[in-house]
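What follows draws every value from the coordinates through simple rules; no lab data is involved. No experiment lies behind these values; they were computed from the predicted model shown. When we count neighbours, we look across all protein chains shown, and the Cβ atoms used for this are built from the backbone with ideal geometry, even at glycine.
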C-alpha cells in the first residue's frame, strides 16, 4: 500500500462528514412515544372574551336585586315590619272617619302627591341619580341612585304581592287598596337617601312621602292604614337594599322542627 493512502482517506472522511451533516434532511415525522403512538401537537385554546364593563354592571345589579329579597329575613327588617303592622292595626278604627273628613284646610294643595308618588317619576329619579353620579365621578351619588332603583323594584314587588293577597276595596270602590303603592315608592326613596346622606336629605324626602300619603287619602284612593302599611313596606325595602352598609347585620332565618318552628338569629362578622 502506498504510504500516502491512509492519510488521504482520513482527509476525505473529515471533509465529507460536514457535507453529509449539512445535506441531511430533518425527519418530518412527529416524535414517537414509547408505545409507538405519535404525539399530536395541542391546538391553542381560545381565550374567553373579557366581559364588558357595562355588562358587568348590569349583571351585578340584578344579582344584588335578588339578594335584596333575602335581606327581608333579617332582624332589622322584622323589627320594622312588626312596628309598622302594629301601627296599622292600632289606626284601623280611624280609617273611615279620617277618610270621610279628609283634609279640608290643605286638601287642594295635595294634588302634587299623585304625580310625585307614581313610579313613572320615582324610577326615572333613581336612574337619573345613578347616571349623574357615574358621569360626575361621584361613587356616593352613583351608589345612592343604584340603591334607589333597587328599592323601587323591591318595594313594588312586595306591595303588589300584598295587594293581590288582601284585595281590599278602596274608598272610591276600586280594587287593591292595601297597601298604598305611592306611599311605598316615596318612603323607599326617602329611606335610601336618609341612609346614604343622613337626615339633612332624608327628612325632606320623608315629608314628601307624608305629603303623597295625604294626597291619596284626600282623593279617596286609599284608607289611612293603606298609607301607613305602604310606608312600612317602603322603609323596609329601603333598608333591605342598604343592608350591606350596616355593621354586624343580623339575619333571622325561620326553620321547622318536629312539633313546631324556630327562629335562628345569625350575626355576620
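Against the numbered list (1) within 24 Å of residue 244 (Cβ to Cβ); (2) surrounded by 24 or more Cβ atoms within 10 Å (Cβ to Cβ), residue 179 comes up short only at (1). Here is the figure for the stretch 120-164: residues that are free of Cβ contacts under 8 Å to residues at least 24 places away in the same chain and closer than 11 Å to residue 185 by Cβ total 2. Helices (runs of 4 or more DSSP H) fully within the stretch 118-198 that include at least 1 residues being out of contact with any helix residue (DSSP H, G or I) (no Cβ under 7 Å at 6 or more places or on another chain) and farther than 23 Å from residue 239 by Cβ: 119-135, 139-166.
The rows are residues; the columns are (1) surrounded by 15 or more Cβ atoms within 10 Å (Cβ to Cβ); (2) out of contact with any strand residue (DSSP E or B) (no Cβ under 7 Å at 6 or more places or on another chain); (3) in contact (Cβ under 8 Å) with a residue 40 or more places away in the chain.
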site	(1), (2), (3)
66	no, yes, no
77	yes, yes, yes
80	yes, yes, yes
85	no, yes, yes
97	no, yes, no
101	no, yes, no
118	yes, yes, yes
